[in-house]
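Worksheet: one structure, shown below.
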Amino acid sequence: MTRILERSRVLHRRAEQLLPGGVDSPVRAFQSVGGEPPLVVRAEGAYLWDADGNKYLDYFGSWGPMILGHAAPHVVRAVQEAAARGTSFGASTPAEAELAEMVHTAFPSVEMLRFVSSGTEAAMSAIRLARAFTGRKFFVKFEGCYHGHSDALLVKAGSGVATLGIPGSAGVPEEAIQHTLALPYNDVSAVEAAFSRYQDKIACVIVEPVVGNAGCIPPQPGYLQALREITERSGALLVFDEVMTGFRLALGGAQEVYGIRPDMTCLGKILGGGLTCGAFGGRAEIMRMLAPLGPVYQAGTLSGNPLAMAAGIATVGHLIEHRDTVYPQLEKTSAAIAEGVAQIARKHGVALTTNRAGSMFTWFFSGEPITSYASATRCDTKAFAAFHRAMLDQGVWLPPSQFEAAFVGLAHGEMEVRATLEAAQCAMETLAPARKVD
Ligand code: KE4
């Protein structure tokens, strides 16, 4: 049953007059899945409502931040109370140190940090700091990993860049990416080869420790340890981009799960509880190079914004207080959803590879293991689009791209698991005739 999206359609046309594609971020335009993107007017718990009054079970959760569920009462109250005291001062506030202490509790490797307004700013600033600290220019990133849209990082990126099937971006001059080394993820020999060629010219390796932006691709056993050893040996820094995995896979993100101590960490999304907030941090000796202490300049009008701090303290504070129950609950619900749909696909003979790391996962429409960006690009994106549309028509809103991760939050419970599996049962029936496994 296709949903009525008349009001969304009218509003989207209006938005298109002044906003390119009618959106403020490309993946929202539904280009790779087709159809009219609903416009959201309200969200609560695990649900979204669109301009036509349709209700959806939400599996993209604002692309990660909404681990507590939408409009969590104590988060809303904290933001309301902060707003009543003023929305931005451009001066330091007590809340910044309070949230910084929570970050350090969760991420002991982050001895000092700086708040910024997005993950893009966090990753961009971490690269600048790594270059200053090591005096080197080159850095390594991995194909399919996305670290925001700063020029040097827009090389073989994932997320919206992969969704649109573009190699990088127009407007990024060769000079801006001449020191960017993009290597295949989960391939230690490629990293060894790059370091033997560039040796002491590489400032850092930046990696999504569990990739979310090519769809979810966990590291192969020993991979992250190898990155740690290779960077240690060569004097390059290891930067974990935990904008997506931070506070998600565990309170201390992937570095807690895999027991790796990076030199720097980028954070965002959950950190701000849905408000504009990112951070980069790490070893104190590196961070002390930042102005006003040191020669590395970085700044931001809304960095440490009091409302973002309030939302972050309320969100991260809840995760710290309930860490012993939150992550087992997320694990149980996420496994039931991800594996449940995989089972339905098998029953219908639909080729599906399910990758999951805690409460982030991706159903790849493929019969092969997905361990690299190259394997992810071989997926049947048409089948994904058909599945996405069939689920959306039943009120289950998946991330509108094969190259994104889905997210489960604490507001997803048994009822949501049941509803999702029922919707998947119908969706797979529409797919099954065309998608027999060979
Ligand atoms: P932002 O600048 O979008 O706050 O963060 C950039 C970023 C950095 N690092 C990682 C690992 C990220 O996942 C992101 C942003 N993620 C995408 C979703 N995959 C944001 C959604 C969008 O671009 O609309």
Response to the item:
Pairs returned, first residue in the stretch 13-41 that is over 26 Å from Ala71 (Cβ atoms) and within 14 Å of the ligand (Cβ to nearest atom), second residue that is among the basic types (Lys, Arg) and modelled with pLDDT of 95 or more, beta-carbon separation under 9 angstrom, 6 or more apart or interchain, are Gly21/Arg28
Worksheet item: Here are some conditions: (1) buried (at least 24 other Cβ atoms within 10 Å of the Cβ); (2) of a type in the set (A, V, I, L, M); (3) within 16 Å of the ligand (Cβ to nearest atom). Ala310 meets all but one. Which one does it not meet?
Response: (3)
Practice prompt. Determine whether the stretch 381-392 contains at least one residue that is among the aliphatic types (A, V, I, L, M) and either assigned to a strand (DSSP E or B) or within 16 Å of the ligand (Cβ to nearest atom) (or both).
Written response: no
Worksheet item: How many residues are in contact with a helix residue (DSSP H, G or I) (Cβ under 7 Å, 6 or more places away or on another chain) and over 23 Å from Gly246 (Cα atoms) if we restrict to the stretch 55-80?
Response: 1
Discussion item. Condition (residue is in contact with a Gly (Cβ under 6 Å, 6 or more places away or on another chain), at pLDDT 95 or above, in a loop (DSSP other than H, G, I, E, B) and crowded, with 22+ Cβ neighbours inside 10 Å) applied to the stretch 355-366: is it met by at least one residue?
Written reply: no
Fill in: Any chance Ala345 is hydrophobic (A, V, I, L, M, F, W, C), buried (at least 22 other Cβ atoms within 10 Å of the Cβ) and closer than 30 Å to Ala100 by Cα
no
Worksheet item: Within the bounds of the stretch 108-120, is there any residue that is within 16 Å of the ligand (Cβ to nearest atom), closer than 21 Å to Gly235 by Cβ and polar (S, T, N, Q)?
Response: no
Discussion item. Filter the stretch 137-152 down to the residues that are more than 19 Å from Ile217 (Cα to Cα) and either more than 11 Å from the ligand (Cβ to nearest atom) or polar (S, T, N, Q) (or both) and list them by number.
Written reply: Lys137, Phe138, Phe139, Ser150, Asp151, Ala152
Discussion item. Testing Gln220 on (1) surrounded by fewer than 19 Cβ atoms within 10 Å (Cβ to Cβ); (2) of a type outside the set (Val, Ile, Thr); (3) more than 30 Å from Ser32 (Cα to Cα), one condition comes back false. Which one is that?
Written reply: (3)
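Considering only the stretch 312-326, state which residues are hydroxyl-bearing (Ser, Thr, Tyr) and over 16 Å from Gly61 (Cβ atoms).
Thr325
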Worksheet item: Restricting the stretch 1-52 to residues that are basic (Lys, Arg) and surrounded by 14 or more Cβ atoms within 10 Å (Cβ to Cβ), which is farthest from Lys382 (Cα to Cα)?
Response: Arg7
Fill in: Selected residue (only one of Val191, Val205, Val155 is within 24 Å of the chain's Cα centre (by Cα), part of a loop (DSSP other than H, G, I, E, B), aliphatic (A, V, I, L, M) and more than 13 Å from the ligand (Cβ to nearest atom))
Val155
Worksheet entry | Checklist (1) in a helix (DSSP H, G or I); (2) assigned by TED's automatic domain parsing to the domain that holds Trp397; (3) touching a residue at least 12 places away in the same chain (Cβ under 8 Å) applied to Arg346, failing item | (3)
Worksheet item: Of everything in the stretch 125-153 that's at positive phi and in contact with a helix residue (DSSP H, G or I) (Cβ under 9 Å, 6 or more places away or on another chain), which residue is surrounded by the fewest Cβ atoms within 10 Å (Cβ to Cβ)?
Response: Gly148
Practice prompt. Of all residues in the stretch 158-188, count the ones that are touching a residue at least 60 places away in the same chain (Cβ under 8 Å) and outside any loop (DSSP other than H, G, I, E, B).
Written response: 4
Discussion item. So if I check each of Thr301, Thr315, which one is in contact with a helix residue (DSSP H, G or I) (Cβ under 7 Å, 6 or more places away or on another chain) and either surrounded by 17 or more Cβ atoms within 10 Å (Cβ to Cβ) or assigned by TED's automatic domain parsing to the domain that holds Ala126 (or both)?
Written reply: Thr315
Item to complete: Say whether the condition of being away from the ligand (no atom under 15 Å from the Cβ) and basic (Lys, Arg) is met by at least one residue in the stretch 48-69.
Response: yes
Discussion item. Of everything in the stretch 384-412, what is among the charged types (D, E, K, R) and either buried (at least 21 other Cβ atoms within 10 Å of the Cβ) or not assigned by TED's automatic domain parsing to the domain that holds Tyr56 (or both)? Give them in sequence order.
Written reply: Glu404
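The values are calculated or read from the model by the stated rules, or taken from the named source; none is laboratory data. The structure presented is a predicted model; accordingly, all values stated were derived computationally and were not measured. Positions of Cβ are generated from backbone atoms using ideal geometry, with glycine treated the same way; all protein chains shown enter the neighbour counts.
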